[in-house]
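Reviewing the structure listed below.
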Amino acid sequence: MKVEFSGDLPIKAEPIDSHYELKTDRYDVRDIEMGQSSTSIQLMGFSDRVFNSIHFKFYLHNREIDIYRSGLINRYRTLVLLGIKYVD
């Protein structure tokens, strides 16, 4: 049996402060790059900018998710906690 996971999740990011002076709206996430000490995200429509994830909440299908504890997003957690961790 072959199991494959797609990285094309419809994740959205919503600013939680005015650090980047973005409108309070949900933006489509193009990429999430997890490092050991920081996490960078790229948003659709802002191809020339990289944002620090700490200034955003993240959503999958209108449910808030914890990208740091979700093994499908955080490669450091993939073997420990495969899946999406929802904030409920």
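The values are calculated or read from the model by the stated rules, or taken from the named source; none is laboratory data. As the structure is a computational prediction, the values presented were derived from the model and not from experiment. Heads up, the Cβs are rebuilt from the backbone with ideal geometry, glycines too, and the neighbour counts pull from every protein chain shown. Protein only, heavy atoms only, side chains kept; ligands, DNA and RNA dropped before computing areas. Shrake-Rupley method; radii C 1.70, N 1.55, O 1.52, S 1.80 Å.
Some values worked out for this structure:
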quantity	calculated
Heavy-atom accessible surface of the chain: percent carbon and sulfur, 1.4 Å	48
Relative contact order of the chain, defined on C-alpha pairs under 8 angstrom at six or more residues apart (%)	23
By average C-beta atoms within 10 angstrom, highest first, the peptides 29-40, 66-77	66-77, 29-40
Solvent-accessible area per residue, Å², over the chain with all protein chains present [probe radius 1.4 Å]	71
Nonlocal amide H pairs with residue 30, under 5 Å, H built at 1.01 Å	42, 43, 44
Relative pair counts by distance (%), Cα atoms of the chain, 10 Å bins	16, 51, 27, 5, 1
